[in-house]
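Written out below as C-alpha cells is the structure these notes cover.
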Amino acid sequence: MAVTPIPDRGAPEETQDGPGIKRGATFRIDPHLSLFYRACRSLLVGILVVWFRPRVKGRHLVPLEGPAIIAPVHRSNLDFAFTPFLTRRKLFFMAKEELWSSPRFGRLLEIWGVFPVHRSGADRESVHRAEEVLRRGQLLVMFPEGSRRFGEHVGELLEGVAFLAARTGAPVVPVGISGSERSMSKGAKFPKPLRISVSVGTPVEPESRTDGGRVARSQVRRLTAELREALQAAYDEAAR
C-alpha cells in the first residue's frame, strides 16, 4: 500500500457495505485474547503444523511488548497464516476491502483484528487505523512489497511501512518466508503439503523523533532502503 504523509485526519473515508453500513465500522483495537480468538488461532496453527511442518528461526526478535510492525515478504496468499507462529501476542492486519463484500464475514475479520484497506490509492482511513494500532502499543502486520511478488530477490518496496514506522517510532521486524510460493503459487486452489521455513530478522529501528511534525521524505526513503536489505537477509536465511 502506498502511503504519503497526511496533513490532517479529516473525515473518515470508508466504503459502504450497504445502506447505513460502512466497511470496517465495527473494528476496534482490542488486544484482549478472547476465547473465540484463541480457539480460532489454535485451530489455524494446528492445521498448519500438520500440513506444512513450519520451521521458525529468530522468534525471540519479535518484541514481547510495545508497538512493532511485522513485515513479511509476500510470495503467496498463505504468507499471512504463518505470522501467529512468531508471537503469542494478538496481531492486527490490513486486508483488501473486497473481503468485506459480505458484511457478516467482514465483521468476523474485525473480531480477528483485521481492518479494510482500499488498494487503488491512498486510503487515509486505513492509515489512521494502522497508526492508532501502533500508538496503542500493538503489533501490526504489513507486507512492504504490497502485492505478491515472484523470485528470490526483494525488489523495490512501497513506502507505507517506513512511513508508519517513522511517524510512530515503531520498529519494523523483517520476516522471510520460504516455500509458500511453491506450496501455493498464483492461481492454485489448494496448497501442497510442503515444508515452510520462516526466519525473523533483526528489527529495523526508525530515527527517534523529538516532535510530532511531518516525517521527512528523506527519512522514509532511508528507512525503506534499510528495510529492503533486512528483508532480503531474512528471506535468504529462511531459504537455507
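A few points about this structure:
- Cβ-placed point charges (K, R +1; D, E -1), dipole of region 29-239 about Cα centre in debye, nearest 20: 660 debye
- In this simple spin-label approximation, Ser102 and Tyr37 carry label points 7 Å from Cα along the Cα→Cβ vector, and these lie 2.3 nm apart.
- Size of charge dipole - region 168-222 - debye, nearest 20, with Cβ of Lys, Arg +1 and Asp, Glu -1, no other charges: 360 debye
- Distribution of pairwise C-alpha distances over region 25-72, 10 Å bins, in %: 18, 36, 41, 5
- Evaluated over the chain, the count of Lys pairs having alpha-carbon atoms less than 23 Å apart is 5 (only pairs 8 or more residues apart or interchain).
- Each pair of Cα atoms in region 184-240 enters the Kirkwood radius, and Stokes-Einstein at 25 °C and 0.890 mPa s then converts it into a translational diffusion coefficient of 169 µm²/s.
- Normalised by 2.2 N^0.38 Å, where N is the number of residues, the alpha-carbon radius of gyration of region 109-240 equals 1.13.
- Once backbone amide H atoms are built at 1.01 Å from N, Val141 has Ile70, Phe92, Phe93, Met94 as its partners under 5 Å, excluding neighbours fewer than 5 places away on the same chain.
- If the chain linking Arg135 and Ser147 were pulled fully straight, counting 0.36 nm for each residue of separation and taking away their Cα-Cα distance, it would gain 1.8 nm.
- Entry note: the chain has Rg to Rh equal to 0.94, where both radii use alpha-carbon atoms and Rh is the Kirkwood radius.
- The distance between label points at Arg59 and Ala233 comes to 2.3 nm (points 7 Å beyond Cα on the Cα→Cβ vector).
- Shown for the chain are the DSSP H helices of 24 Å or more along their axis, judged by Cα atoms, with a mean Kyte-Doolittle hydropathy of at least 1.6: 35-52.
- Extended-chain gain in nm, criterion 0.36 nm per residue less alpha-carbon gap, Ala225 and Ser208: 4.4 nm
- Cα centroid separation - region 144-184 against region 29-90, whole Å: 16 Å
Read-outs: derived from the displayed coordinates by stated rules, not from any lab. The shown structure was predicted, so the numbers you read here are calculated from the model rather than taken from an experiment. Heads up, the Cβs are rebuilt from the backbone with ideal geometry, glycines too, and the neighbour counts pull from every protein chain shown.
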